[in-house]
Each structure stands twice: as structure tokens, then as C-alpha cells.
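Peer 1: Have a look at the structure that comes next, please.
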Amino acid sequence: MSNKNKLTFFIFLALVLGVGLGYFLNVNSFNNYNTAIVKADSEIKKIDNQLSTIKDTTAIQYIQLKEVKKSQIKISKENETIREKKLEPLTLLSDIFLRLIKMIVAPLVFTTLVVGVAKVGDIKAVGRIGGKTMLWFLSASLLSLVLGLIMVNIFKPGEAMNLPLPSSLTDTGIAKKALSLKDFISHIVPKSFVEAMATNEILQIVVFSLFFGVATAAIGEKGTIIVKFLDASAHVILKITGYVMNFAPFAVFGAMAAIVAKQGLSVLSTYALFIGEFYFSMFMLWVLLIFIGYSILKNRVFNLMNRMKEPVVLAFSTASSEAAYPKTMLQLEKFGCKDKIVSFVLPLGYSFNLDGSMLYMTFASLFIAQSYGIHLSFEQQVTMLLILMLTSKGIAGVPRASLVVIAGTIATFHIPEAGLALLIGIDPLLDMGRSATNVVGNSIATAVVSKWEGELTEPIED
């Protein structure tokens, strides 16, 4: 077994063992805490419904209910705190790994992208590659959004599941992300390169790197020293990546054990219909992306998917496509994509080509509308799709970014924001599929742009 296959095997084994341990902990150690939290949350929902019927906020009954609600919130928070404390040894494993990955990603994007742009050399060539890249990204985003729209209208999970609706007073803790050109521009353009590196704002790092790379190429011979230094730095960072990846199975084990210990497997039965239909829709997106990739790359697309097994499993099990970034970059170069194309397309993809997240946004938004019995006309659904197309492009790096965008979008159509509470509990499970799909979409995008540029060479064997 090669080293690559060994790591993939150990990641998959860690995933299975993590689920097993999580289930054991959920049943034996965390059952009391989980039951207390569910009971308290149920009481809070009942009290919210009662409060919504009382118009006089000075009434004794209203004040008493508020006090009871406060005590139930305290019980829920206390049990959550104890549960999180007991899960710390497991969550620590995944936290350490994700921190190590974040430590690598920003300098890796900067060094490889500057070297890639400098090697392209010509600002016209950068513009040409950028144009082809954005054409693919916008097309793939539109495909993902439309597919989500079609599938949720076919399945209608919101109508079929008949879930109890959360009170309109429910606080989801998700801040709305309104459509604002100022915010979008502010997010793209860095006010400080150091701040962008410190906060891992990939899109801002990309913008600075493009300027830096073009300027380095423009000064000719003097820039050669910088290119050589950054090229060597990139290889050092990739070597560090190799060390960090050895810790991946432990991170996967910890992440899976923690999520199953908290959520249990009962959430799968409650939301089985929604989760099943969502993952089937995600599978359909994979089929479409691979088919389009096949029309351009021919049989080589299957070799690409085979090489992406490890990054995909890693992204799925950690629910972070960022965790798979270094491995995705290495596998694309081994696949035959030139480093200058990989280092240009892949970082942009992490901000502009989140195919899994795109599908989820339309699917989830209309699911909430269906749950509330709100019918949106075809024109309204198309408008929602276009709003999501715009608002989703500047939010990479925001925690629970998809939910943030959905919150702002559904408010535009007078769909209760409290409906997000229907998804928060299962969002980590859905995030796993979104992250894996983002890796697939970005790897195909990079390979296709390489082919269009005539820069796709024969694969490098491990």
C-alpha cells in the first residue's frame, strides 16, 4: 500500500471509529445532558408560543413566563457547558489540526500565487486565465443554484416532513448578511496585507498576491530573486504540509466522535428525509460536474477523481474544504496541471466556486419557505437565485457562511428568520457534504482551465 493510500485508509478508519465512539458516548455518557437540553429547549419553545399570545407585557402571567423561560435557558446552557467540557479532549484533536492547516494556507496561497503569476509574466495572460476561470466559476455557481432550486421543488421536503415550527421569537444567533456593494468591495480589497494574512482572508490575500506577482514580473531581472525565494518558500510550506497531514486521522476521529456524541444518531431519523434528499441532490451535482469535466478532459476526469479521494474524505470528515487545500493543490500538480494555473485558480475557487454551498443555499431557503407554507412564484424563486448568486461571492471565511447568507435572503421574501432553527441542529452534518463538493468542484475547475490554456501535461506517478 502506497503512502497516499495508507493515509486515505487511516482517515476512513478514523471516521468509522469516531462514529462508533461518538455513539457509545452519546448513549452512555451524554444521554442525561442531551435529554436535559432537549427538554429545556422544548419548554422554551412552549413559553415563546405562550408569550406571543400575551399582548400586555406588564401582565403578571407574562412576567412569570419570562422568569420560567430564563430558568430553562440557564438549565440548557449549564448542560451544554458541561457537555462541551467533557468533549474537549476530542474537539481538541480537530481544533489543533485545523489551526495547523490555517497556519499553512495563507502563506501557501501567497507564495504559490505570486510565483504562478510571475511565471505567467504578462498581465494580458493573467487577464486571459482570470477570464476563463471566472467564466467557469459563474457557470458552475449558476448550475449549482438552479439544481438546488429544481430538486427542492421536486422533493418538497418542507411540506412532507411537517416539522414543528419554531416560535417567531426564537433567536438563531445568525446575523443577517444584507446585499451591499460597499460590503462586497470592502471584503475583496484588503486594507492591510498583514491583517488579511492574520485573519486568513483568502480572497484579500489573492488580490494582494495578484498585484505583487504582476509587479514582480514587470521589474524583470530584479524580480527573479523574489520569485526564487518565494518558490523555495512554497516548497518548504508543502513539506510542512506533509508533516501536518500525518495528524489528519486523529483530527477526523476527534471531529466525528464529538459530533455524534452531541447529536446522536436520532437526528438522522428525525431529519432522514431532508438529509437524504439533500445528499441525493449533491450526488446529482457531482454527476453533472464530472460529466461536464468529461466533455473537456475525456477519460482523465476519472483519474482526477481518483486522485481527489483523500482531499474529499478529509474535507467531508472535518467539514472544512480549507483543511483539504494543501493536499488538493499537490494532487492537481501530480495530475498534470501546471503550478502557475493551480496556484491561480484554486485560491480564487475558495471564494468564488463553492458549488456545494451554492446548492445548499437554494435548497435550504426554499425548504424553510415550504415548512411555513409560504408559496414563492417562479419569478420570486428566480429573484432569490440571483440574490444568492451575488451575496454568496463575498462571504468566504465567515463562520457558518451559508446560514448567514440564507438569513439575509429569506428576510427579503418575508420568510421568518426563526426558520433557520430548523437547520442549525443538522448543519454540521450538511456542511460535511458541502465541503467535500467544494473540493470536487474546484479540482475540476482547475483541471479544465489548465486544459483550455494548453497547460495540462501527463500525470506524475506517485
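Peer 1: If the cut-off is 27 Å between C-alpha atoms, which lysines fall inside it for LYS85, apart from same-chain ones fewer than 8 positions away?
Peer 2: Straight-distance partners of LYS85: LYS39, LYS45, LYS69, LYS70, LYS74, LYS77, LYS102, LYS262.
Peer 1: Before anything else, pin down the relative contact order of the chain: Cα pairs under 8 Å, at least 6 apart, normalised by residue count, whole percent.
Peer 2: 30 percent
Peer 1: Test of understanding: given the chain, find the longest segment containing no trypsin sites (Lys or Arg not before Pro) that are in a DSSP loop and have at most 12 other Cβ atoms within 10 Å.
Peer 2: Value returned for the longest uninterrupted segment is 299-462.
Peer 1: Alpha carbon centre of segment 431-460 versus segment 1-65: separation in Å?
Peer 2: 36 Å
Peer 1: Could you tell me the center-to-center distance, by alpha carbons, between segment 100-120 and segment 291-353 in angstrom?
Peer 2: Using only Cα atoms to place each centre, the spacing works out to 16 Å.
Peer 1: Another question, if that's okay. Specify which residue in the list LEU149, GLY408, TYR350 is farthest towards the positive end of the charge dipole of segment 3-452, using unit charges on the beta carbon of Lys, Arg (+1) and Asp, Glu (-1), about the Cα centre.
Peer 2: TYR350
Peer 1: Just how large is the dipole of segment 3-452 about the Cα centre, in debye to the nearest 20, putting +1 at every Lys and Arg Cβ and -1 at every Asp and Glu Cβ?
Peer 2: Magnitude of the dipole: close to 960 debye.
Peer 1: Using only alpha carbon positions, build the gyration tensor of segment 3-452, then give the equivalent ellipsoid semi-axes as the square roots of 5 times its eigenvalues, largest first, whole angstrom.
Peer 2: Equivalent ellipsoid semi-axes, largest first: 40, 25, 21 Å.
Peer 1: OK, next. Normalised by the residues of segment 335-462, what does the relative contact order come to in percent, with Cα pairs under 8 Å and at least six apart?
Peer 2: Here the relative contact order equals 52 percent.
Peer 1: Right, here's the next one. To the nearest 20 Debye, how big is the dipole of segment 211-339 about its Cα centre, given +1 on the beta carbon of each Lys and Arg and -1 on that of each Asp and Glu?
Peer 2: Using Cβ point charges on Lys, Arg, Asp and Glu, segment 211-339 gives about 260 debye.
Peer 1: Using alpha-carbon pairs under 8 Å, 6+ residues apart, how would you state the relative contact order of segment 224-338 in percent?
Peer 2: 28 percent
Peer 1: Pick out, from SER450, ILE219, VAL244, the residue whose Cα sits farthest towards the positive end of the charge dipole of segment 3-452, with +1 on the Cβ of Lys and Arg and -1 on the Cβ of Asp and Glu.
Peer 2: Of the options given, the answer is ILE219.
Peer 1: Okay, moving on. Report, ordered by chain and residue number, the aspartates and glutamates lying within cross-link reach of LYS156, taken as a straight Cα distance under 15 Å and ignoring same-chain residues fewer than 8 apart.
Peer 2: GLU277
Peer 1: If you don't mind, there's one more thing I want to ask. Using helices alone, I'd like the mean residue ellipticity at 222 nm for the chain: each DSSP H run of four-plus residues gives -39500 (n - 2.57), total over residue count, nearest 500.
Peer 2: -26500 deg cm²/dmol
Peer 1: Give a residue-ordered list of calculated ³J(HN,Hα) values for segment 435-444 (Karplus: 6.51 cos²θ - 1.76 cosθ + 1.60, θ = phi - 60°; whole Hz; x for Gly, Pro).
Peer 2: So the J values, rounded to whole Hz, are 5, 4, 5, 4, 5, 4, x, 6, 5, 5.
Peer 1: Still on this structure, please answer the following. Which cross-chain or sequence-distant (5 or more) residues have an amide H under 5 Å from the amide H of LEU456, H modelled 1.01 Å from N in plane?
Peer 2: Residues meeting the amide H criterion: none.
Taken together, the values in this text are just the output of simple stated rules run on the coordinates, not laboratory data. Predicted, not measured: the structure shown is a model, and the values here were computed from it. Here Cβ is always computed from backbone atoms with ideal geometry, including for glycine, and neighbour counts include all displayed protein chains.
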